[in-house]
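The structure under discussion appears below in the form of C-alpha cells.
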Amino acid sequence: MNTRMILGAVLLTALTVRPALAGSSDAGEETVPPPTMDIPFMHEEAKAAGIDHAYRGGWEFFVGGGVASFDCNGDRRPDLFLAGGTEPARLYVNRSPTGGALKFEEKDLGLPERDLKKVTGAYPIDIDNDGYIDLAVLRVGENRTLKGGPDCTFTSANRLLSFDGGRAWTTAFAAEFEADLPFPTLAFGNYVDRSAPGSPWGTCHDNDLFRPQKRELTEDGKASIPAYSERTALSPGYCTLSILFTDWHRSGTPDLRMTNDRQYYRGGEEQLWSVQPGRPPRLFTRSDGWRSVKIWGMGIAEADLNADGYPEYALTSMGDTKLQTLDEDAEEGRPIYRDIAYERGATAQEPYIGRDETKPSTGWHAEFEDFNNDGRLDLFIAKGNVEQMPEFASFDPDNLLLGGLGGKFTEAGHLAGIDLPTKGRGAALADFNMDGMLDLLVVNREHNVSLFRNLGAKIDPRSPDATKVRPMGNWLEIELAQKNTNLNAIGATISVKTGNTTRVRKIQIGGGHASGHLGFVHVGLGVSERAQIRVQWPDGTWSAPYRVFANNFVRIERDAEQAQYWLPE
C-alpha cells in the first residue's frame with residue numbers, strides 16, 4: 001500500500017447522527033422495523049454467470065475501476081467492458097436468457113494487451129454517428145478511443161479521430177452534443193499530475209475539452225468523421241474524479257460540473273464550468289453565486305427528484321454524501337445550492353452494518369434508479385476503503401437507499417443482499433436479463449466483480465431464501481432514436497406521466513465513477529398499468545404524447561406517430 005495516501009488521510013470530525021437502519025445491528029439486535037416498501041432480492045452470481053475479473057494495481061489504481069454498459073451486437077442486451085487497472089480490460093458479451101439466470105461470455109477484443117492495461121474506466125458513445133457504439137477508454141497514460149463495429153468488434157481510433165490521448169492520469173469523462181455540432185464534445189477529467197515536482201500534493205492536472213471539427217473522408221464528400229485535434233485546457237484542475245454535462249438551470253445548454261478530491265488540491269473546490277456553443281469555457285465564480293464546497297469528491301449522480309425541471313445531485317465523498325438542490329431563493333441563473341442529504345436520509349456517512357459502524361465511509365459510484373419499480377427513485381452508492389486507511393471503515397458495504405414517501409431514503413443494502421466485504425468502485429445498473437427489473441454489477445478493487453440479479457420483492461425482508469419472492473411494481477424501458485446525428489439522443493429528457501405523477505429521466509454520458517451506461521432507460525410505474533410518454537429532444541423540441549402499456553420495452557423514433565413495442569427473445 002502507498003504511505004503517501006495513508007499519511008495524507010485527514011481525520012474527520014466525529015459524526016453523531018446515524019442513518020436510519022432497517023433490520024439488525026452487528027450484535028443481531030433489531031433496531032427499527034424493515035421499511036414498508038418492497039425490498040428487492042439481489043442475488044449475487046458473478047462466477048456462475050461467467051465473469052472472473054477484478055480491478056487491480058498500486059496507488060495509481062486506488063481510484064477508478066469503472067465499467068461501460070452498452071449493446072455492442074444489436075440484440076439490445078447490455079454488454080460489459082470492464083476496467084482492470086494493471087490487469088487487461090475485458091469485454092463480456094451478454095448471453096442471459098430473458099428472465100433467467102445471468103450469463104456472460106468473454107470476447108477477445110483483438111487489441112494489443114498494452115492498450116488494454118492501465119485502464120481506469122470507460123464510457124460508451126457513438127462518436128461518429130455510424131450506429132455502432134464506440135468507447136472512450138480512460139487510462140493512466142494515453143487515453144484511447146475504440147471504434148465499434150459489427151458483432152462487438154473494436155478497433156483503435158485515436159489516429160482516425162486525430163485524437164491525442166495525452167499522458168495524464170484520467171479518471172472521469174462526459175460528452176454532449178452542442179448545438180449546431182454534428183458530433184459530440186468530449187470532456188476528460190484528470191487526477192494528480194504525476195510528473196510535477198512534489199507530486200501528489202497540490203499537483204492536480206488540468207482537465208481537457210475536445211470539440212469536434214468535421215473532416216471529409218471520401219471523395220464524394222458524403223461520409224464524414226470528426227477530428228478531435230484541438231484541445232482546450234480546463235484550468236485550474238483540482239484532481240477531478242467525476243464530471244457531468246448538466247442543464248442545471250433549464251436553459252437548454254448544459255454546463256460541465258466536476259467533483260474533485262480535496263486530498264490533493266491546494267486552494268481548490270468543487271467546480272462548475274459554463275460551456276456555451278462557440279465560446280471558450282468559463283468557470284463559475286462567487287460573483288455568479290457559486291458557493292465553495294470542499295469534499296473528497298469521488299462520484300456524481302443527477303436526478304430530478306420532484307420533476308420540477310431542476311436536477312438534484314448526489315456527491316459521494318469520504319464521510320457523508322452530499323445531496324444538493326437548487327436553493328429556492330436563488331435568483332434565476334445563479335447556481336446556489338443547499339444540501340438536503342440529512343433531511344432526506346441520504347448522508348450514508350458510516351457503514352450501516354458491521355464492525356466499523358463508527359468509522360466514516362468512503363463512497364465512489366453513485367446512481368439514481370428505481371430498483372423496486374415502485375415509481376420512486378432509489379440511490380445506489382458503491383463503497384470501499386481507498387486501500388488501508390485506518391481512520392476509515394475497512395468493512396464498508398455498498399448502499400441501496402430506497403426512495404419513500406416524502407422524498408426520504410431508507411437503507412436496505414443488507415436486506416437486499418448487497419452488503420459484501422468488498423471494495424466497490426464503479427458500477428453498472430441495468431436490466432441484464434430483460435425482465436423489467438434492474439440488476440447490478442459492481443467493480444471491486446482486488447476482488448472479483450459483484451453481479452447481482454434482481455429476483456423480485458422479498459416476501460420476508462429478513463429472509464435469505466431466494467425462492468421467497470413475489471413480483472414488484474410495473475415498469476417501462478424506453479429507447480430513443482434520431483436520424484443522421486446524435487442517434488441515441490444524448491441530452492434528451494423523457495417525461496413519463498401516470499395519473500397526477502410525473503417521472504423524469506435524462507439521457508446523459510458522464511457522471512458515476514469512471515462508469516457509463518447507454519441503452520434502455522428504466523422507469524418504475526408502481527401500480528399504474530398505462531403511461532404517457534413525452535420526449536424533449538436534444539434541440540429542445542417536445543414530442544407529441546405517446547400512450548403506452550406498462551411492462552413493455554418501448555422504442556420512440558423522432559417524429560414517429562406511434563411508439564414501437566419490442567419483445568426480447
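Has region 527-540 got any residue that is open to solvent by 40 Å² or more (accessible area, probe 1.4 Å), in a strand (DSSP E or B), modelled with pLDDT of 95 or more and acidic (Asp, Glu)? No - not one qualifying residue is present in region 527-540. Sub-7 Å Cβ pairs linking a first residue in region 334-346 that is at positive phi to a second residue that is of a type in the set (Gly, Ala, Ser), at least 6 apart or interchain, are GLY345/ALA20, ordered by first then second residue. Considering region 156-251, the qualifying strands (runs of 3 or more DSSP E), each wholly inside and each with 3 or more residues that are touching a residue at least 60 places away in the same chain (Cβ under 8 Å) and closer than 21 Å to LYS506 by Cβ, run over 170-176, 185-190, 240-246. Could we say that PHE210 is surrounded by fewer than 24 Cβ atoms within 10 Å (Cβ to Cβ) and either of a type in the set (D, E, K, R) or under 24 Å from ALA68 (Cα atoms) (or both) here? Against the criterion (surrounded by fewer than 24 Cβ atoms within 10 Å (Cβ to Cβ) and either of a type in the set (D, E, K, R) or under 24 Å from ALA68 (Cα atoms) (or both)), PHE210 qualifies.
Would region 32-49 turn up any residue that is within 22 Å of the chain's Cα centre (by Cα), modelled with pLDDT of 95 or more and charged (D, E, K, R)? Checking region 32-49: at least one residue is within 22 Å of the chain's Cα centre (by Cα), modelled with pLDDT of 95 or more and charged (D, E, K, R).
Once region 334-344 is narrowed to residues that are farther than 20 Å from LYS359 by Cβ and not in a strand (DSSP E or B), the residue that is most open to solvent (accessible area, probe 1.4 Å) is GLU343.
Scanning region 285-306 for residues that are touching a residue at least 12 places away in the same chain (Cβ under 8 Å) and either open to solvent by 60 Å² or more (accessible area, probe 1.4 Å) or more than 20 Å from the chain's Cα centre (by Cα) (or both) gives ASP288, GLY289, TRP290, ARG291, SER292, VAL293, LYS294, ASN306.
Take the conditions (1) farther than 30 Å from LEU476 by Cβ; (2) not in a strand (DSSP E or B); ARG376 misses just one of them, which is (1). Looking only at residues in region 491-506 that are hydrophobic (A, V, I, L, M, F, W, C) and in contact with a Ser or Thr (Cβ under 8 Å, 6 or more places away or on another chain), the one that is surrounded by the fewest Cβ atoms within 10 Å (Cβ to Cβ) is VAL504. Counting only strands (runs of 3 or more DSSP E) wholly contained in region 55-147, the ones carrying 1 or more residues that are without any contact (Cβ under 8 Å) to a residue 24 or more places away in the chain and open to solvent by less than 10 Å² (accessible area, probe 1.4 Å) occupy 134-139.
Can you pull out every residue in region 377-413 that is surrounded by fewer than 21 Cβ atoms within 10 Å (Cβ to Cβ), farther than 16 Å from THR316 by Cβ and out of contact with any Leu (no Cβ under 8 Å at 6 or more places or on another chain)? Hits for region 377-413 are GLU387, GLN388, PRO390, SER394, PHE395, GLY404, LEU405, GLY406, LYS408. Considering region 164-184 alone, what residues qualify as being surrounded by fewer than 23 Cβ atoms within 10 Å (Cβ to Cβ) and of a type outside the set (Gly, Ala, Ser)? ASP164, ARG167, GLU178, ASP180, LEU181, PRO182 - these are the residues of region 164-184 that are surrounded by fewer than 23 Cβ atoms within 10 Å (Cβ to Cβ) and of a type outside the set (Gly, Ala, Ser).
Note on region 310-333: among residues that are open to solvent by 30 Å² or more (accessible area, probe 1.4 Å), in contact (Cβ under 8 Å) with a residue 60 or more places away in the chain and assigned to a loop (DSSP other than H, G, I, E, B), the one that is nearest to TRP273 (Cα to Cα) is GLY333.
The residue pairs whose first member lies in region 485-509 and is closer than 17 Å to ASP180 by Cβ and part of a strand (DSSP E or B), whose second member is open to solvent by 20 Å² or more (accessible area, probe 1.4 Å) and polar (S, T, N, Q), and whose beta carbons are closer than 9 Å, counting only pairs six or more residues apart or on different chains, do not exist in this structure. Looking across region 419-429, just one residue is surrounded by fewer than 24 Cβ atoms within 10 Å (Cβ to Cβ) and in contact with a Ser or Thr (Cβ under 7 Å, 6 or more places away or on another chain), and that is LEU420. Within region 498-506, at least one residue is within 14 Å of the chain's Cα centre (by Cα) and farther than 19 Å from ASN372 by Cβ. Residues that are free of Cβ contacts under 8 Å to residues at least 24 places away in the same chain and under 29 Å from LEU181 (Cβ atoms) within region 512-556 comprise THR541, TRP542, SER543, ALA544, TYR546, listed in sequence order.
The values are calculated or read from the model by the stated rules, or taken from the named source; none is laboratory data. Quick caveat, the model's predicted, so the values are computed rather than measured. Because the Cβ atoms are built from the backbone with ideal geometry, glycine has one as well, and the counts that use them run over all protein chains shown. Keep in mind that these areas ignore ligands, DNA and RNA; they rest on the heavy atoms of the full protein, side chains included. Shrake-Rupley method; radii C 1.70, N 1.55, O 1.52, S 1.80 Å.
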